[in-house]
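For reference, the structure is listed below as structure tokens.
The values are calculated or read from the model by the stated rules, or taken from the named source; none is laboratory data. Computed from a predicted structure; not experimentally measured. All Cβ positions, even for glycine, are placed from backbone atoms using ideal geometry, and neighbour counts span all protein chains on display. Only protein heavy atoms, including side chains, enter the accessible area calculation; ligands, DNA and RNA are left aside. Shrake-Rupley method; radii C 1.70, N 1.55, O 1.52, S 1.80 Å.
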Amino acid sequence: MAIADPVTRGTVTPGTVTPGTVFPDTVFPDTVTPRSGAILDWYAAHQRDLPWRRPDATPWAVLVSEIMLQQTPVARVLPVYAAWLARWPSPASLAASPAGDAVRAWGRLGYPRRALRLHATAQALVERHGGQVPASADALRALPGIGSYTAAAVASFAFGQRHAVLDTNVRRVLARLVSGRELPSASPSAAERRLAESLLPEPPAVAARWSVAVMELGALVCTAARPRCASCPVAASCAWRRAGHPADGGPRRTQKYAGTDRQCRGRLLAVLRDCAGPVPGSQLEAAWADQLQRSRALDGLVADGLVDPLPDGRFALPGTHPVPGTH
DNA sequence: GAGACGTGGAC
DNA sequence: TGTCCAAGTCT
């Protein structure tokens, strides 16, 4: 008789299978293969205890974590995440606050437009989804700041659905393990998406767990630099390792930061964030010497909705100060 | 599809 | 010290 253990072994028949036996991944189509089983086992033993992975994490909490984690290290997210959910435990609570409060609470996480979009998403959830986070990946994808990765991640991790979750970690693991390349391409291809879907275990709950397991493997073991192959549960079947760890193509374009508009925007917004109320233009002038660049950056911040220009010439975080004639 | 968009820790 | 890098999205 067959025994179904969806989390670790798939469907096996006692007497015909011994633990640790190596099969090609085609032996158990539509179930959990030995390779994915090895990753699931590794995850069970080595996963980090992160607040958004705990059973009491709400879909809203998972959504908040996914937005904060975009391009941002876990260690820097943790304290902001905790403070954010303590203050805004539901979409409705965030929607009821001014957007500028969200930008201020975002602190120095970076890419503050994420705070603005998360606030807009909270409002959309109240207006169109009864204040709830939708379980549908398509509905999630339609929300501001939520792209294909985040939609799949929330549908998987908050609702236990079966979606290919293609973040940079998963893409790097698959590039090495299956394609024998050191690094993934600049953006996910259709072939990559098909590959990720083909590797997904069939039961939705197992697929969701597998996705987070591969992400964790990429974050802790199969890292971009100095991968810890000696600690990897699937090193034996890794195409990149078997090929001798060939280095990927040419020079990666390194993005400058010092002296850019980006840095200037960051400085200006930091002044607004660290002041309780509106600030005069003179205070912003002190934050950046180059007048032309400062003016351009400030215009950009206003255009993005991150800064409100007040009639008296001062500047404020959005929605934190009444602007006459806007309603 | 290339470029814009923050920030700070690690090596 | 400078470069690389971290659970992407939008235009």
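What to note about this one:
- Filtering region A:168-188 to residues that are part of a helix (DSSP H, G or I), under 15 Å from A:Ala225 (Cβ atoms) and in contact with a helix residue (DSSP H, G or I) (Cβ under 6 Å, 6 or more places away or on another chain) leaves A:Asn169, A:Arg172, A:Val173, A:Arg176.
- With respect to the conditions (1) buried (at least 18 other Cβ atoms within 10 Å of the Cβ); (2) more than 14 Å from DNA strand B (Cβ to nearest atom), A:Pro184 lacks only one, and its number is (2).
- The set of residues in region A:284-314 being open to solvent by 40 Å² or more (accessible area, probe 1.4 Å) and within 11 Å of DNA strand B (Cβ to nearest atom) consists of A:Arg296, A:Asp299, A:Ala303, A:Asp304.
- Candidates A:Ala164, A:Ala191, A:Ala205, A:Ala153, filtered to the one that is open to solvent by less than 50 Å² (accessible area, probe 1.4 Å) and assigned to a helix (DSSP H, G or I): A:Ala153
Residues checked against (1) within 16 Å of DNA strand B (Cβ to nearest atom); (2) free of Cβ contacts under 8 Å to residues at least 60 places away in the same chain; (3) over 13 Å from the mean Cα position of the chain (by Cα):
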{"residue": "A:Ile39", "(1), (2), (3)": "no, no, yes"}
{"residue": "A:His46", "(1), (2), (3)": "no, no, yes"}
{"residue": "A:Pro59", "(1), (2), (3)": "no, no, yes"}
{"residue": "A:Pro73", "(1), (2), (3)": "yes, yes, no"}
{"residue": "A:Pro79", "(1), (2), (3)": "yes, yes, yes"}
{"residue": "A:Pro91", "(1), (2), (3)": "no, yes, yes"}
{"residue": "A:Gly100", "(1), (2), (3)": "yes, no, yes"}
{"residue": "A:Arg104", "(1), (2), (3)": "yes, no, yes"}
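- With respect to the conditions (1) among the basic types (Lys, Arg); (2) in contact (Cβ under 8 Å) with a residue 24 or more places away in the chain; (3) surrounded by fewer than 20 Cβ atoms within 10 Å (Cβ to Cβ), A:Arg226 lacks only one, and its number is (2).
- Selection within region A:233-243 - open to solvent by less than 30 Å² (accessible area, probe 1.4 Å) and either near DNA strand C (Cβ under 9 Å from one of its atoms) or in contact (Cβ under 8 Å) with a residue 40 or more places away in the chain (or both): A:Val234, A:Cys238, A:Ala239, A:Trp240
- Considering (1) surrounded by 19 or more Cβ atoms within 10 Å (Cβ to Cβ); (2) assigned to a helix (DSSP H, G or I), the lone condition that A:Pro318 does not fulfil carries the number (2).
- Some residue of region A:150-157 being out of contact with any His (no Cβ under 8 Å at 6 or more places or on another chain) and either within 16 Å of DNA strand B (Cβ to nearest atom) or at pLDDT below 95 (or both): yes
- When region A:34-66 is filtered for residues that are more than 20 Å from A:Gly160 (Cβ to Cβ) and at pLDDT below 95, the ones remaining, listed by number, are A:Pro34, A:Arg35.
- So A:Gly277, is it open to solvent by less than 70 Å² (accessible area, probe 1.4 Å), within 16 Å of DNA strand B (Cβ to nearest atom) and more than 25 Å from the chain's Cα centre (by Cα): no
- Test: residue in region A:95-107 that is open to solvent by 30 Å² or more (accessible area, probe 1.4 Å), closer than 18 Å to A:Val133 by Cα and within 11 Å of DNA strand C (Cβ to nearest atom): no
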